[in-house]
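K.L.:
One structure coming up, written as structure tokens, with questions to follow.
The values are calculated or read from the model by the stated rules, or taken from the named source; none is laboratory data. None of these values were measured; they are calculated from a predicted model. A quick note on method: Cβ atoms are made from the backbone with ideal geometry, for glycine too, and the neighbour counts reach across all protein chains shown. To get the accessible areas, we keep the full protein, side chains included, count just its heavy atoms, and leave off ligands, DNA and RNA. Shrake-Rupley method; radii C 1.70, N 1.55, O 1.52, S 1.80 Å.
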Amino acid sequence: QPQTPRDVLCDRQLNVGWYRFTIQNRSAEMPTRCASVNYCGTQAPIWLRLDDGQRLPEALQQVQLTACSSWSRHHYDEEDDSGPVSEYADCCAMKYPVSVRNCSGYFVYRLQPTEACNMAYCAQLPPASGMPLPHIVACRP
């Protein structure tokens, strides 16, 4: 169900810094596939794009990646001004640089504020491994 402008998550006031995502006290990660518009509690969710050859960092490593915001675009017929003919998803409407560090059991992300208040960084629980998370020592960027 689409959110109304007053109840969407907004990261426009986010301070530049390192963040760890959790959902219900469990480590979460930014998705690496296009997040649908109106997903993750916001209209324009921001996800991590992995280009050819790019991967999330190995344990205790850090990489620079690109995060993308998903948005709906409209296609108009130039001869008919009655409105949009179709709507399509643009998976990378806006781009943000994101540093990602692997802290041997969870990731931390260096994030910056978004351009508008209908955008927020997206997170999801990683695929269940059936194994409990190990005791984790604090990770420093």
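K.L.:
Restricting to segment 111-128, count the residues that are within 13 Å of GLU29 (Cα to Cα) and either surrounded by fewer than 20 Cβ atoms within 10 Å (Cβ to Cβ) or without any contact (Cβ under 8 Å) to a residue 60 or more places away in the chain (or both).
P.N.:
5
K.L.:
Which of the residues that make up segment 11-46 are open to solvent by 50 Å² or more (accessible area, probe 1.4 Å), modelled with pLDDT of 95 or more and over 22 Å from ASN102 (Cα atoms)?
P.N.:
ARG12, GLN13
K.L.:
Taking SER36, is it hydroxyl-bearing (Ser, Thr, Tyr) and more than 11 Å from the chain's Cα centre (by Cα)?
P.N.:
Criteria not met by SER36.
K.L.:
Tell me, yes or no, whether segment 114-132 has at least one residue that is out of contact with any Asp or Glu (no Cβ under 6 Å at 6 or more places or on another chain), within 23 Å of CYS10 (Cβ to Cβ), among the acidic types (Asp, Glu) and at pLDDT 60 or above.
P.N.:
Scanning segment 114-132, I find at least one residue that is out of contact with any Asp or Glu (no Cβ under 6 Å at 6 or more places or on another chain), within 23 Å of CYS10 (Cβ to Cβ), among the acidic types (Asp, Glu) and at pLDDT 60 or above, so the answer is yes.
K.L.:
Among the numbered conditions (1) modelled with pLDDT of 90 or more; (2) acidic (Asp, Glu); (3) in contact with a strand residue (DSSP E or B) (Cβ under 6 Å, 6 or more places away or on another chain), tell me where ASP52 comes up short.
P.N.:
ASP52 satisfies every listed condition except (3).
K.L.:
Let me ask you something else. For segment 70-85, give me the residue count where each residue is part of a strand (DSSP E or B) and either modelled with pLDDT of 95 or more or open to solvent by 50 Å² or more (accessible area, probe 1.4 Å) (or both).
P.N.:
Number satisfying all stated conditions: 7.
K.L.:
For segment 11-69, enumerate the residues that are part of a strand (DSSP E or B), charged (D, E, K, R) and either in contact with a His (Cβ under 7 Å, 6 or more places away or on another chain) or closer than 19 Å to ALA93 by Cα (or both).
P.N.:
Passing the criteria: only ARG49.
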